[in-house]
Every structure is written in structure tokens, then in C-alpha cells.
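For reference, the structure is listed below as C-alpha cells.
The values are calculated or read from the model by the stated rules, or taken from the named source; none is laboratory data. Note that the structure is a prediction, hence the values are computed from the model and not measured. All Cβ positions, glycine included, derive from the backbone under ideal geometry; neighbour counts span all protein chains shown. Only protein heavy atoms, including side chains, enter the accessible area calculation; ligands, DNA and RNA are left aside. Shrake-Rupley method; radii C 1.70, N 1.55, O 1.52, S 1.80 Å.
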Amino acid sequence: MSKSIKEMGWDELVPGAALFSFNANVDYLMAETQPEDRIYAETNSKNAYVGDWRVFKPVWNSELCIDCQNCWLFCPDTAIISRNKEMVGVDYDHCKGCGICVEVCPTNPKSLLMFNEIEKNEDALTKWPEKKKKGEEE
Amino acid sequence: MNRKEMELNSVEVWDGNTCNAQAFRQASVDVVAAYPITPSTNTVENYATFHANGYVDGEFIMVESEHAAMSACVGAAAAGGRVATATSSQGCALMVEVLYQCAGMRLPAVLCLVNRALAAPLNVNGDHSDMYLTRDAGWIQLDSFNAQEAYDLTLMSFKIGEHKDVRLPVISNQDGFLTSHTAQTVRPLPDKVAYDFIGDYVQVNAMLDFSKPVTHGVQTEHDWHFEHKAKQHAALQGALPIVEEIFKEFKKLTGREYNLVETHKMDDAEVAIVCLGTTYETATIAADELREQGIKAGVIAPRLFRPFPLVQLAQKLQNVKALACMDRSAPGGTVGALYNEVAGALFNTPARPVLRNLIYGLGGRDITVNELKEIFTDLQNDAKNGKLTGKIQRLHGVRGPELSFYEL
């Protein structure tokens, strides 16, 4: 399939609306291969920008993060990037801004917080709250 | 295959349900998921007996509803197996949602639909309501007129649906009770011959092929839905010559001939009846008796309800003067579906007969040879006058004052 899917006619589609995630046959161990090293097909959702749902975005503060992996584990869209159990950042192409990562973040103050989509990340980082004392939470 | 082979006589006495079950067994179906419903119960019941006695090596799944039965079939077919099930009436209505899924996902399942009326009022007897209900679901629909044909067509359903250029599910229709419960002489094929005719199942985009991960049943909105439906429609329309080819191959094997449009004495017919199911055979007797009186009567029936053989039907009707389209389903506020199809086939052709629509035989009401002869006589009037003598639609055989509609 050299043609972009957007240029294809009805007669060129795979029958049955079946979608292949990968271009070639998968002859490697998927679990041991990082997402960026996998050979995705154009039709893979990895290649689709779906971030336009977002109104609020999670911003990550690396100085507070303890790499507990909770956000990575709970993210319903695998939009938290983590490598070798170390938090790397947020994949804004696929994050829908649901806020679950912020909800499950255990640090004090939280190392992930929701900000308005239009706010710049570096500005957001300057507005981080102070550590809360016991009994002060919520 | 590690199943026992079944010794069959060259002629067996089977009802239509046994024919279906035997065809499933000979096709070596991987998964049959079934929920029993009258009158198709015996199809899966017989199959379960074969399974219990070691004649089947596939899986038999007992599910909690027809919706689940078809869902299990879709899952098994997507996983990469040959699947089949049977249903009727309300069960078919419950399956409808999944029938669209199955066709849209291009999974070649086989469904033996034993035609029965739809409630209310509740009725277990035969009419074509459930066949009509599924007409836009994207399945190929074959129609048998007796038990032998039910066996043959169910066998061929696998070969048709699984053809590489078709890849569509197939419904094998037969009339409830009239075919499904009437024991008739049937000439089956030996197991090996039948299996070799159908061939091994070829998986396409199987979900259990881990080297090529695939998503089935994806979502497409306005951007791609139309194109996928276009492809599905093209596959259905393109199936007609393939079906014809498989019919020819079957004739070479068994001597039994099937056509896209079945005809009886249509070569010089002036008046004709077009119908589906067992009525075809009754009408041929009526036509033969009228021929003895010098009336040029013929009977014609599409072998496929979907894809509808429009061109082939129209070609055979160019010399007919008057035609009755028999619909065995409650009309629901318009003319019958078969009338619509036939009218659609004829409208743009040079010569077209006078058409009338008869709604008959609902919920198992008999249609007799004498009644059909009367219908032929009405048609003769139409033919003589060159126009309709009466209204376009009539509910034939309903008690009370005559009920007829639609006049121009």
C-alpha cells in the first residue's frame, strides 16, 4: 500500500473494514519492542492525531515525579510515555485530557496537574502549588 | 479430521432440517453456535446428536439467545473458522443486528433460515416474513423449494460464501414445516465427495494469526463508511456469476441443475406466476394442468433473493403478457417486496407484462393447486385486455370481504 489511505477509492479497501496495525508481518516480540521501533501501518491509531478532544491538559513536573508509574498504568489511552520505568512525558497527540493521571498521582504536591489547553507548559510549571501540610488536603 | 465417517445410502429419507444438519457435518464446520427455535430447532438438534456421537469434530456452542448465537459465529469466523447456525422468525429478528455486522465484516458464515411468520400474533408456521426482514443485511440469500434443494444449497452456501471474490455470509432459506418437517427422498453426496466439493476453509485476516494483528469491526464515520458499503454492494452484485459457476460445478458433480432464475415452461408462456419457496412446485402442477387446456402458463422463481437476479429475471419475462408476483409476507402498508423487485427489474425493459401483487399464505395458510389455477385465470383476463382487471394488490385467501389496494 504505497498510496495514502485518504487517496484510496472504495475498490482499494481491505474487505470487511479490517484494519492492520502493522505494515509487515510481526516477526519480533511485541512486548520487548518499544512503540517507536514498531513498524506501524498508516491506518494504526498511533498515526492518528486525536488530541483535539482536549480542553484541559495534564502538565508534568519532572522535579516532583517519583516514577511510581501510576499515571502510565491508569492512562486509558497509553498517552503517558515511560521508558525503563522512568516517566518521560505526555503524548499530547493521543491524550484526551481525562485527568485520570492527575487523580492517581501520589506525590505532594502532585507531579501532574491539569491546566488550560492554551496555557504554555513552561508557564504552567511556574504556577505549581506548594507542598500541602497534613489535614490541608482537599 | 478425526471424526467418524457416516455411511449414507444413495437415497435417504430426510426432512429439510436433517438436510441442513448433514450439510453442516459434511462441511466439517469448526463452530456451530445455536439457540433452538421452531421450526429450525431440528437442524441444530440433529447436528448436536452428530456431535455427541462423534461424527463431528468442531465445536458446538450452546448460547443464551439468537443474538448470542450469531455473535459467537461472528467471533469464531473472525478468529478464522468455518461457522454455521440456523434460525427462524423471532430468532432471526433477534439476530438481525449481528447479521449486518457479519456481512459488513465480510465473514462467510452460513445461516439456515427456516422461514416462519413474525409475531404478533404468535405463529410458528411458514411464511417469508423473516426472509424479507433480512433482505438488506448484505447476506447472499438462496432459496430452496424442497428438501433435496435445501441439502444442495446449504452445501453450496459454504462454497459460495467462502469464494475469494465473494467473502460474504450466506442464508440458505427453506419453508418452515413444508420443507423443514416433511420427510422426502434426498440423494446425499458421500462425506468425502461433499467435503472435497466445498474444499478446505481458507482463512482471511484471521484474528488468531498473531503474526499479522488485525482489528475487525472498526468504526468508520462519514469519511469511510460509504466506501465500505460500496465495496460490500459490489461484492454482492459480483457474486452472481460466481454463484452461477458453482451451480455449474455442482451439476457436473451430481447432475442436479440450479439456475439464478428457475423456470417452468416459460419459453412460450403468456401468463406467469413468480414466487419463492415451496409455492413454486405447487404452481408448476397448476401450470401443467392449465397447459392441458391450452393455456400458456409458466412459473418463474428467483433462486436468489439477494443478490436479486434482476437482469436474468427480466430477460425471461419479455414475452409474458401478465404476471402475478406472489408475496408470502405481510405487506406492511405497501406492495410486497418481491413485487417491488420484479417491477424494478422490468421497468426499464422494452416489453413488460401487466403486473399484479398477491399477498398469500401468511402464517402457514395453504395455497392450493386450484387457487393457483384461479390466479392464472385472472392473469389470462389481464393478458386478454392488455391491462389490469382489478386492483394492483390483492390479499389472496383472506376471510371476509375482498381486500385489495392500489389502483392507478
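Residues that are over 29 Å from B:Glu5 (Cβ atoms) and more than 21 Å from the chain's Cα centre (by Cα) were ranked within the stretch B:35-70; the one that is surrounded by the fewest Cβ atoms within 10 Å (Cβ to Cβ) is B:Glu64. Residues that are touching a Gly at 6+ places or on another chain (Cβ under 8 Å) and touching a residue at least 60 places away in the same chain (Cβ under 8 Å) are absent from the stretch A:17-24.
Are any of the residues in the stretch B:46-59 of a type in the set (Phe, Trp, Tyr), closer than 17 Å to B:Gly176 by Cβ and in contact (Cβ under 8 Å) with a residue 40 or more places away in the chain? No: zero hits.
Got a number for residues in the stretch B:129-168 being among the aliphatic types (A, V, I, L, M) and open to solvent by 10 Å² or more (accessible area, probe 1.4 Å)?
1
I'd like to check something: does the stretch B:262-275 contain any residue that is open to solvent by less than 40 Å² (accessible area, probe 1.4 Å), at positive phi, in a loop (DSSP other than H, G, I, E, B) and more than 14 Å from chain A (Cβ to nearest Cβ)? No, the stretch B:262-275 contains no residue that is open to solvent by less than 40 Å² (accessible area, probe 1.4 Å), at positive phi, in a loop (DSSP other than H, G, I, E, B) and more than 14 Å from chain A (Cβ to nearest Cβ). Going by the conditions given, is B:Lys231 in a helix (DSSP H, G or I) and either open to solvent by 80 Å² or more (accessible area, probe 1.4 Å) or more than 21 Å from B:Trp139 (Cα to Cα) (or both)? When the stated conditions are applied, B:Lys231 does not pass them. Say whether the condition of being within 24 Å of B:Asp143 (Cβ to Cβ) and in the same structural domain as B:Met266 (by TED's automatic domain parsing) is met by at least one residue in the stretch B:377-385. Yes. Checking each residue in the stretch B:19-34 for being surrounded by fewer than 24 Cβ atoms within 10 Å (Cβ to Cβ) and not charged (D, E, K, R) picks out B:Ser28, B:Val31. Screening the stretch A:18-48 for residues that are under 17 Å from the mean Cα position of the chain (by Cα), within 14 Å of another protein chain (Cβ to nearest Cβ) and in a loop (DSSP other than H, G, I, E, B) and picking the one that is modelled with the highest pLDDT gives A:Arg38.
Screening the stretch B:240-261 for residues that are open to solvent by 40 Å² or more (accessible area, probe 1.4 Å) and within 16 Å of B:Pro302 (Cβ to Cβ) and picking the one that is nearest to the chain's Cα centre (by Cα) gives B:Asn259.
Cβ separations smaller than 6 Å between residues 6+ apart or across chains give the following pairs from the stretch B:364-390 residues that are within 21 Å of B:Phe405 (Cβ to Cβ) to residues that are hydroxyl-bearing (Ser, Thr, Tyr) and outside any loop (DSSP other than H, G, I, E, B): B:Ile367/B:Thr279.
Within the set of pairs 6 or more residues apart or between chains, which connect a residue that is within 20 Å of B:Thr182 (Cα to Cα) inside the stretch B:119-136 to a residue that is buried (at least 19 other Cβ atoms within 10 Å of the Cβ) and of a type in the set (Asp, Glu) with Cβ atoms less than 7 Å apart? Every condition considered, the pairs that remain are B:Gly126/B:Asp175. When B:Gln318 is tested against (1) under 28 Å from B:Gly364 (Cβ atoms); (2) of a type in the set (S, T, N, Q); (3) assigned to a loop (DSSP other than H, G, I, E, B), just one condition goes unmet, and that condition is (1).
If you take the residues of the stretch B:349-372 that are part of a strand (DSSP E or B) and open to solvent by less than 10 Å² (accessible area, probe 1.4 Å), which of them is farthest from B:Arg399 (Cα to Cα)? Here the residue is B:Asn357. Evaluating B:Leu236 against the criteria (1) out of contact with any Leu (no Cβ under 6 Å at 6 or more places or on another chain); (2) assigned to a helix (DSSP H, G or I); (3) within 13 Å of chain A (Cβ to nearest Cβ); (4) open to solvent by 30 Å² or more (accessible area, probe 1.4 Å) leaves one unmet condition, (4).
Answer with yes or no whether A:Val50 is within 27 Å of A:Ala17 (Cα to Cα) and open to solvent by less than 60 Å² (accessible area, probe 1.4 Å).
On the way: within 27 Å of A:Ala17 (Cα to Cα): yes; open to solvent by less than 60 Å² (accessible area, probe 1.4 Å): yes.
So A:Val50 passes the test.
Looking at A:Val88, A:Val55, just one residue is surrounded by fewer than 16 Cβ atoms within 10 Å (Cβ to Cβ), over 14 Å from the mean Cα position of the chain (by Cα) and within 20 Å of A:Lys120 (Cβ to Cβ), and that residue is A:Val55.
Taking (1) within 14 Å of another protein chain (Cβ to nearest Cβ); (2) surrounded by 17 or more Cβ atoms within 10 Å (Cβ to Cβ); (3) touching a helix residue (DSSP H, G or I) at 6+ places or on another chain (Cβ under 8 Å) in turn, B:Phe226 satisfies each apart from (2).
Residues are listed down the side, and each one gets a yes or a no for (1) more than 10 Å from chain A (Cβ to nearest Cβ); (2) within 22 Å of B:Gly81 (Cβ to Cβ); (3) among the small types (Gly, Ala, Ser); (4) touching a residue at least 40 places away in the same chain (Cβ under 8 Å):
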residue: B:Ser172; (1), (2), (3), (4): yes, yes, yes, yes
residue: B:Thr179; (1), (2), (3), (4): yes, no, no, yes
residue: B:Thr185; (1), (2), (3), (4): yes, no, no, yes
residue: B:Ala194; (1), (2), (3), (4): yes, yes, yes, yes
residue: B:Met207; (1), (2), (3), (4): no, yes, no, yes
residue: B:Pro213; (1), (2), (3), (4): no, yes, no, no
residue: B:Gly217; (1), (2), (3), (4): no, yes, yes, yes
residue: B:Glu245; (1), (2), (3), (4): yes, no, no, no
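Within the stretch B:285-329, the set of residues being surrounded by 20 or more Cβ atoms within 10 Å (Cβ to Cβ), farther than 19 Å from B:Lys387 by Cβ, more than 19 Å from the chain's Cα centre (by Cα) and in contact (Cβ under 8 Å) with a residue 60 or more places away in the chain comprises B:Ala286, B:Ala287, B:Leu290, B:Ala297.
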